[in-house]
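Novice: First the structure, which I've put down as C-alpha coordinates, then a few questions once you've had a look.
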Amino acid sequence: MSKLRISIVEFLNTAPLVWGFTDGHLAGRHELSFAVPSRCAEDLRAGRVDVGIIPAIEYQRMENVVALPGMAVAAKNEVRSILVISKVPIEQARTFALDTNSRSSAGLVRLLCRRHWNIAPEFIDLPPDPDEMLARADAALIIGDPALRLRIQMDVLEAKVPQGKDCCGCDASDHPVKNVQTLFIYDVAQQWREMTGLPCVLAIWVARRGTVTPEIVADFRASREYGLARIGEIAEGAALKLDLPPRALERYLVENIDFSLDEENLAGLRLYYEECARAGLIPRARELEFVATVGVAR
(Lines give C-alpha, C1' and ligand atoms only; values in the text may rest on other atoms or scores of the structure.)
Protein backbone atom coordinates (compact mmCIF):
# COMPACT_ATOMS: atom_id res chain seq x y z
CA MET A 1 0.00 0.00 0.00
CA SER A 2 1.40 3.42 -0.97
CA LYS A 3 2.27 5.90 1.74
CA LEU A 4 0.09 8.92 2.50
CA ARG A 5 1.62 12.03 0.94
CA ILE A 6 1.75 14.96 3.37
CA SER A 7 2.74 18.54 2.52
CA ILE A 8 4.18 20.55 5.42
CA VAL A 9 4.83 24.28 5.72
CA GLU A 10 8.55 24.77 6.33
CA PHE A 11 8.10 27.46 9.01
CA LEU A 12 8.85 26.98 12.71
CA ASN A 13 5.22 27.48 13.71
CA THR A 14 4.22 24.12 12.19
CA ALA A 15 7.07 22.12 13.74
CA PRO A 16 5.20 20.91 16.86
CA LEU A 17 2.39 19.56 14.68
CA VAL A 18 4.73 17.42 12.58
CA TRP A 19 7.51 16.55 15.04
CA GLY A 20 6.23 13.03 15.49
CA PHE A 21 6.42 12.52 11.71
CA THR A 22 9.85 14.10 11.31
CA ASP A 23 11.70 13.18 14.51
CA GLY A 24 9.50 10.79 16.46
CA HIS A 25 7.94 7.36 16.46
CA LEU A 26 5.94 8.07 13.28
CA ALA A 27 9.02 8.87 11.17
CA GLY A 28 8.95 6.99 7.87
CA ARG A 29 5.29 6.02 8.09
CA HIS A 30 4.18 8.68 5.59
CA GLU A 31 5.79 10.52 2.67
CA LEU A 32 6.63 14.10 3.65
CA SER A 33 7.36 17.17 1.55
CA PHE A 34 8.11 20.72 2.69
CA ALA A 35 7.19 24.03 1.06
CA VAL A 36 5.99 27.57 1.72
CA PRO A 37 2.27 27.93 2.56
CA SER A 38 1.12 28.95 -0.92
CA ARG A 39 2.92 25.95 -2.48
CA CYS A 40 1.43 23.54 0.08
CA ALA A 41 -2.02 24.69 -1.01
CA GLU A 42 -1.18 24.32 -4.70
CA ASP A 43 0.20 20.82 -4.20
CA LEU A 44 -3.00 19.73 -2.46
CA ARG A 45 -5.19 21.37 -5.09
CA ALA A 46 -3.27 19.65 -7.89
CA GLY A 47 -3.41 16.22 -6.23
CA ARG A 48 0.35 15.99 -5.77
CA VAL A 49 -0.26 15.33 -2.05
CA ASP A 50 -3.10 13.79 -0.05
CA VAL A 51 -2.95 16.03 3.03
CA GLY A 52 -1.48 19.48 3.59
CA ILE A 53 -1.26 22.04 6.32
CA ILE A 54 -2.53 24.90 4.22
CA PRO A 55 -3.51 28.54 4.67
CA ALA A 56 -6.97 28.50 6.22
CA ILE A 57 -8.51 30.57 3.41
CA GLU A 58 -7.57 27.93 0.82
CA TYR A 59 -10.07 25.44 2.25
CA GLN A 60 -12.80 27.67 0.82
CA ARG A 61 -11.16 27.69 -2.61
CA MET A 62 -11.04 23.90 -2.98
CA GLU A 63 -13.68 21.25 -3.64
CA ASN A 64 -13.77 17.65 -2.40
CA VAL A 65 -11.63 18.31 0.65
CA VAL A 66 -12.19 17.80 4.38
CA ALA A 67 -10.45 19.23 7.43
CA LEU A 68 -8.76 17.25 10.18
CA PRO A 69 -10.41 18.09 13.52
CA GLY A 70 -8.88 19.68 16.58
CA MET A 71 -5.58 20.90 15.11
CA ALA A 72 -4.45 24.24 13.69
CA VAL A 73 -1.82 26.95 13.67
CA ALA A 74 -3.63 29.79 15.42
CA ALA A 75 -3.03 32.79 17.65
CA LYS A 76 -5.22 33.92 20.53
CA ASN A 77 -3.57 37.37 20.62
CA GLU A 78 -0.15 38.48 19.32
CA VAL A 79 1.43 36.03 16.88
CA ARG A 80 4.80 37.76 16.16
CA SER A 81 5.36 35.94 12.86
CA ILE A 82 2.74 37.75 10.75
CA LEU A 83 3.68 41.40 10.60
CA VAL A 84 2.77 44.51 8.70
CA ILE A 85 5.75 46.83 8.57
CA SER A 86 5.34 50.38 7.35
CA LYS A 87 7.29 53.56 6.67
CA VAL A 88 4.26 55.62 7.75
CA PRO A 89 1.42 55.17 10.25
CA ILE A 90 -0.75 52.50 8.66
CA GLU A 91 -3.69 54.87 8.18
CA GLN A 92 -1.48 56.82 5.74
CA ALA A 93 -0.36 53.84 3.63
CA ARG A 94 -1.27 54.15 -0.05
CA THR A 95 0.70 51.21 -1.47
CA PHE A 96 0.97 47.78 0.19
CA ALA A 97 3.34 44.91 -0.69
CA LEU A 98 2.01 41.41 0.04
CA ASP A 99 4.30 38.44 0.71
CA THR A 100 3.83 36.00 -2.19
CA ASN A 101 4.21 33.06 0.23
CA SER A 102 1.02 34.09 2.01
CA ARG A 103 -2.65 33.41 1.36
CA SER A 104 -4.57 33.61 4.66
CA SER A 105 -2.46 36.47 5.99
CA ALA A 106 -2.90 38.41 2.76
CA GLY A 107 -6.65 37.98 3.19
CA LEU A 108 -6.41 39.21 6.78
CA VAL A 109 -4.51 42.31 5.66
CA ARG A 110 -7.12 43.11 3.02
CA LEU A 111 -9.87 42.81 5.65
CA LEU A 112 -7.96 44.95 8.15
CA CYS A 113 -7.39 47.62 5.51
CA ARG A 114 -11.07 47.61 4.65
CA ARG A 115 -12.65 47.43 8.11
CA HIS A 116 -10.05 48.33 10.74
CA TRP A 117 -7.59 50.81 9.22
CA ASN A 118 -10.09 52.35 6.78
CA ILE A 119 -7.69 52.53 3.86
CA ALA A 120 -7.86 51.30 0.26
CA PRO A 121 -4.23 50.92 -0.81
CA GLU A 122 -2.86 49.57 -4.06
CA PHE A 123 -1.66 45.99 -3.41
CA ILE A 124 1.56 44.65 -4.95
CA ASP A 125 2.61 40.98 -4.75
CA LEU A 126 6.33 40.67 -3.99
CA PRO A 127 8.79 38.05 -2.67
CA PRO A 128 9.38 38.31 1.10
CA ASP A 129 12.28 40.77 1.10
CA PRO A 130 11.55 43.64 3.54
CA ASP A 131 14.17 45.92 1.94
CA GLU A 132 12.72 45.55 -1.54
CA MET A 133 9.11 45.60 -0.35
CA LEU A 134 9.47 48.91 1.49
CA ALA A 135 11.53 50.34 -1.36
CA ARG A 136 8.47 49.87 -3.58
CA ALA A 137 5.57 50.36 -1.16
CA ASP A 138 4.55 52.28 1.95
CA ALA A 139 3.74 49.12 3.90
CA ALA A 140 4.43 45.41 3.59
CA LEU A 141 3.18 42.08 4.89
CA ILE A 142 5.79 39.50 5.85
CA ILE A 143 5.08 36.10 7.37
CA GLY A 144 6.74 33.08 8.93
CA ASP A 145 10.34 32.82 10.03
CA PRO A 146 11.47 36.03 8.22
CA ALA A 147 8.80 37.98 10.13
CA LEU A 148 9.75 36.35 13.42
CA ARG A 149 13.40 37.21 12.83
CA LEU A 150 12.52 40.85 12.23
CA ARG A 151 10.30 40.96 15.31
CA ILE A 152 13.10 39.56 17.50
CA GLN A 153 15.58 42.05 16.00
CA MET A 154 13.20 44.89 16.76
CA ASP A 155 12.74 43.63 20.32
CA VAL A 156 16.49 43.97 20.82
CA LEU A 157 16.52 47.50 19.38
CA GLU A 158 13.49 48.59 21.38
CA ALA A 159 15.12 47.32 24.55
CA LYS A 160 18.05 49.64 23.84
CA VAL A 161 16.01 52.73 23.00
CA PRO A 162 12.28 52.46 23.83
CA GLN A 163 10.22 54.25 21.19
CA GLY A 164 6.62 53.33 21.95
CA LYS A 165 4.63 50.31 20.95
CA ASP A 166 4.20 50.85 17.21
CA CYS A 167 7.45 52.24 15.88
CA CYS A 168 11.15 52.13 16.46
CA GLY A 169 13.58 54.89 15.58
CA CYS A 170 17.17 53.74 15.80
CA ASP A 171 20.60 54.05 14.25
CA ALA A 172 20.40 53.22 10.53
CA SER A 173 23.29 50.75 10.74
CA ASP A 174 21.35 48.65 13.26
CA HIS A 175 18.02 48.75 11.48
CA PRO A 176 16.68 45.53 9.93
CA VAL A 177 15.18 47.39 6.94
CA LYS A 178 17.50 49.47 4.75
CA ASN A 179 16.84 53.16 4.19
CA VAL A 180 13.93 53.27 6.64
CA GLN A 181 14.57 55.48 9.63
CA THR A 182 11.31 54.88 11.48
CA LEU A 183 9.53 51.56 11.16
CA PHE A 184 5.92 51.06 12.25
CA ILE A 185 5.09 47.45 13.14
CA TYR A 186 1.62 45.92 13.39
CA ASP A 187 0.98 42.35 14.54
CA VAL A 188 -1.73 41.05 12.19
CA ALA A 189 -3.25 38.54 14.61
CA GLN A 190 -3.40 41.13 17.38
CA GLN A 191 -5.03 43.62 15.01
CA TRP A 192 -7.62 40.98 14.05
CA ARG A 193 -8.30 40.36 17.74
CA GLU A 194 -8.79 44.09 18.32
CA MET A 195 -11.21 44.28 15.38
CA THR A 196 -13.25 41.14 16.11
CA GLY A 197 -12.56 40.04 19.69
CA LEU A 198 -11.71 36.58 18.35
CA PRO A 199 -8.57 34.52 17.68
CA CYS A 200 -6.89 34.21 14.32
CA VAL A 201 -6.60 30.77 12.64
CA LEU A 202 -3.76 30.78 10.15
CA ALA A 203 -3.49 27.22 8.88
CA ILE A 204 -5.34 23.91 9.17
CA TRP A 205 -4.78 20.32 8.09
CA VAL A 206 -6.85 19.60 4.97
CA ALA A 207 -7.13 16.30 3.09
CA ARG A 208 -8.51 15.21 -0.24
CA ARG A 209 -11.83 13.52 0.40
CA GLY A 210 -11.51 9.74 0.76
CA THR A 211 -7.79 9.64 1.58
CA VAL A 212 -7.83 9.84 5.38
CA THR A 213 -9.22 7.38 7.90
CA PRO A 214 -9.86 7.92 11.62
CA GLU A 215 -6.72 5.88 12.24
CA ILE A 216 -4.66 8.30 10.16
CA VAL A 217 -6.20 11.25 12.01
CA ALA A 218 -4.93 9.55 15.17
CA ASP A 219 -1.41 9.68 13.70
CA PHE A 220 -1.69 13.45 13.23
CA ARG A 221 -2.92 13.89 16.79
CA ALA A 222 -0.10 11.71 18.10
CA SER A 223 2.45 13.74 16.12
CA ARG A 224 1.15 16.96 17.66
CA GLU A 225 1.22 15.56 21.20
CA TYR A 226 4.77 14.33 20.63
CA GLY A 227 5.82 17.79 19.44
CA LEU A 228 4.07 19.72 22.20
CA ALA A 229 5.94 17.63 24.75
CA ARG A 230 9.26 18.60 23.13
CA ILE A 231 8.98 22.35 22.54
CA GLY A 232 12.37 22.99 24.14
CA GLU A 233 14.04 20.48 21.83
CA ILE A 234 12.30 22.00 18.79
CA ALA A 235 13.41 25.51 19.78
CA GLU A 236 17.01 24.43 20.29
CA GLY A 237 17.16 22.88 16.83
CA ALA A 238 15.47 25.87 15.21
CA ALA A 239 17.86 28.27 16.94
CA LEU A 240 20.79 26.65 15.16
CA LYS A 241 19.01 26.73 11.80
CA LEU A 242 17.67 30.28 12.09
CA ASP A 243 20.54 31.76 14.14
CA LEU A 244 18.09 33.13 16.69
CA PRO A 245 17.97 32.80 20.50
CA PRO A 246 16.44 29.47 21.57
CA ARG A 247 14.54 30.95 24.52
CA ALA A 248 12.86 33.51 22.28
CA LEU A 249 11.79 30.72 19.92
CA GLU A 250 10.52 28.60 22.79
CA ARG A 251 8.45 31.50 24.12
CA TYR A 252 7.06 32.05 20.63
CA LEU A 253 5.90 28.43 20.35
CA VAL A 254 4.45 28.36 23.86
CA GLU A 255 2.98 31.85 24.23
CA ASN A 256 2.11 33.01 20.71
CA ILE A 257 1.07 29.94 18.74
CA ASP A 258 -1.97 27.85 19.64
CA PHE A 259 -2.05 24.43 18.02
CA SER A 260 -5.71 23.64 18.71
CA LEU A 261 -8.93 24.17 16.81
CA ASP A 262 -11.07 24.76 19.88
CA GLU A 263 -14.46 26.45 19.91
CA GLU A 264 -13.02 29.95 20.23
CA ASN A 265 -10.63 29.38 17.34
CA LEU A 266 -13.46 27.90 15.26
CA ALA A 267 -15.56 30.98 15.93
CA GLY A 268 -12.69 33.18 14.74
CA LEU A 269 -12.24 31.04 11.64
CA ARG A 270 -15.95 31.11 10.77
CA LEU A 271 -16.01 34.90 11.08
CA TYR A 272 -12.90 35.13 8.92
CA TYR A 273 -14.61 33.10 6.21
CA GLU A 274 -17.75 35.25 6.45
CA GLU A 275 -15.70 38.45 6.15
CA CYS A 276 -13.69 37.05 3.22
CA ALA A 277 -16.93 36.17 1.42
CA ARG A 278 -18.33 39.68 2.00
CA ALA A 279 -15.11 41.16 0.61
CA GLY A 280 -15.18 38.88 -2.46
CA LEU A 281 -11.96 37.05 -1.50
CA ILE A 282 -13.70 33.65 -1.63
CA PRO A 283 -16.79 32.53 -3.58
CA ARG A 284 -18.79 31.73 -0.44
CA ALA A 285 -18.31 30.81 3.22
CA ARG A 286 -19.16 27.14 3.50
CA GLU A 287 -19.10 25.33 6.83
CA LEU A 288 -16.00 23.33 7.68
CA GLU A 289 -16.44 19.62 7.03
CA PHE A 290 -14.33 17.34 9.19
CA VAL A 291 -13.05 13.84 8.57
CA ALA A 292 -14.95 12.42 11.54
CA THR A 293 -18.30 13.59 10.13
CA VAL A 294 -18.04 12.29 6.58
CA GLY A 295 -17.58 8.91 4.95
CA VAL A 296 -13.92 8.07 4.46
CA ALA A 297 -11.99 5.29 2.76
CA ARG A 298 -11.01 2.36 4.96
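The values are calculated or read from the model by the stated rules, or taken from the named source; none is laboratory data. All of these numbers come straight from a predicted model, not from anything done at the bench. Quick reminder, even Gly has a Cβ in these numbers, built from the backbone with ideal geometry, and neighbours come from all protein chains shown. Side chains are part of the model used for accessible areas, which takes the heavy atoms of the whole protein and leaves out ligands, DNA and RNA. Shrake-Rupley method; radii C 1.70, N 1.55, O 1.52, S 1.80 Å.
Novice: Roughly how tilted is helix 144-160, in degrees to the nearest 10 and between 0 and 90, from the longest Cα axis of the chain?
Specialist: Value to nearest ten degrees: 40.
Novice: Tell me which residues come under 5 Å, amide H to amide H, from residue 290 once H is placed; ignore anything under 5 positions away on its chain.
Specialist: Long-range HN contacts for residue 290: 67.
Novice: What spacing in nm lies between the two simple spin-label points modelled at residue 131 and residue 62, each 7 Å away from Cα in the Cβ direction?
Specialist: Result for the modelled spin labels: 3.6 nm.
Novice: Going by amide H atoms built from the backbone, whose H comes under 5 Å of the H on residue 209, apart from near neighbours?
Specialist: Close amide H contacts, sequence-distant or interchain: 65, 66.
Novice: Efficiency by 1/(1 + (r/R0)^6): what FRET value for residue 77 and residue 25, r their Cβ-Cβ distance, R0 = 30 Å, to the nearest 0.05?
Specialist: Working: r = 33 Å, r/R0 = 1.10.
My answer for the efficiency is 0.35.
Novice: Rounded to the nearest 500 deg cm²/dmol, what is the calculated helix-only ellipticity per residue at 222 nm for the chain, with -39500 (n - 2.57) per DSSP H run of length n ≥ 4?
Specialist: On the way: 10 runs with 112 residues, N = 298.
My calculation for the chain gives -11500 deg cm²/dmol from helical runs alone.
Novice: Over the Cα atoms of the stretch 175-274, what Rg and Dmax result, in angstrom?
Specialist: Cα-based Rg and Dmax for the stretch 175-274 come out at 17.5, 54 Å.
Novice: Further question: Give a residue-ordered list of calculated ³J(HN,Hα) values for the stretch 93-109 (Karplus: 6.51 cos²θ - 1.76 cosθ + 1.60, θ = phi - 60°; whole Hz; x for Gly, Pro).
Specialist: 5, 10, 10, 9, 8, 10, 4, 5, 6, 9, 10, 5, 5, 5, x, 4, 4
Novice: So, in Å, what gap is there between the alpha-carbon centers of the stretch 203-257 and the stretch 38-69?
Specialist: 18
Novice: Rounded if a/c is under 1.5, else prolate if a/b is larger than b/c, else oblate: which is the stretch 2-124, with a ≥ b ≥ c the root eigenvalues of its Cα gyration tensor? Before the final figure, lay out each step's value.
Specialist: Numbers: a/c = 2.61, a/b = 2.03, b/c = 1.29.
The shape class here is prolate.
Novice: Given a 1.4 angstrom probe, what's the average accessible area per residue across the chain, in square angstrom? Walk me through the numbers on the way to the answer.
Specialist: Details: 12620 Å² over 298 residues.
Normalised by residue count, the accessible surface of the chain is 42 Å².
Novice: Amide H of residue 282: which non-local residues (sequence gap of 5 or more, or other chain) have their own amide H closer than 5 Å, using H built in the peptide plane?
Specialist: 277
Novice: Explain nothing, just compute: Karplus ³J(HN,Hα) = 6.51 cos²θ - 1.76 cosθ + 1.60, θ = phi - 60°, for every residue of the stretch 33-45 in order, whole Hz, x for Gly and Pro.
Specialist: For the stretch 33-45, the Karplus curve yields 9, 10, 7, 6, x, 4, 6, 4, 5, 5, 5, 5, 4 Hz.
Novice: Tell me whether the stretch 244-296 comes out rounded, prolate or oblate; compute the Cα gyration tensor, take square roots of the eigenvalues as a ≥ b ≥ c, and use a/c under 1.5 as the rounded threshold. Could you put the intermediate results ahead of the total?
Specialist: Values: a/c = 3.07, a/b = 1.69, b/c = 1.82.
Since a/c reaches 1.5 but b/c is at least a/b, the shape of the stretch 244-296 is classed as oblate.
Novice: For the chain, find the longest principal axis of its Cα atoms and tell me its angle to the long axis of helix 214-228, 0 to 90°, nearest 10.
Specialist: Approximately 40 degrees, to the nearest 10.
Novice: Take the Cα radius of gyration of the stretch 58-139 and divide it by 2.2 N^0.38 Å, with N its residue count; two decimals is plenty. If you can, show how the numbers build up before the last one.
Specialist: Details: Rg = 14.6 Å, N = 82, 2.2 N^0.38 = 11.7 Å.
Dividing the Cα radius of gyration by 2.2 N^0.38 Å gives 1.24.
Novice: Quick check: residue separation of residue 124 and residue 254 times 0.36 nm, minus the Cα distance between them. What number comes out in nm? The partial results should precede the final answer.
Specialist: Values: separation 130, 0.36 × 130 = 46.80 nm, distance 3.32 nm.
Net length gain for the segment: 43.5 nm.
Novice: Which number do you get for Rg(Cα) / (2.2 N^0.38 Å) in the stretch 31-103? Write down the numbers at each step before the final one.
Specialist: Values: Rg = 15.4 Å, N = 73, 2.2 N^0.38 = 11.2 Å.
Working it through for the stretch 31-103, the quotient is 1.37.
Novice: Further, regarding this structure: With 10 Å bins from zero, work out the P(r) of the chain over every alpha carbon pair and list the percent per bin.
Specialist: All Cα pairs considered, the percentages come to 6, 28, 36, 22, 7, 1, 0.
Novice: Using 0.36 nm per residue, how much length does the chain from residue 243 to residue 270 gain when fully extended, once their Cα-Cα distance is taken away?
Specialist: Values: separation 27, 0.36 × 27 = 9.72 nm, distance 3.66 nm.
Gain on extension, residue 243 to residue 270, equals 6.1 nm.
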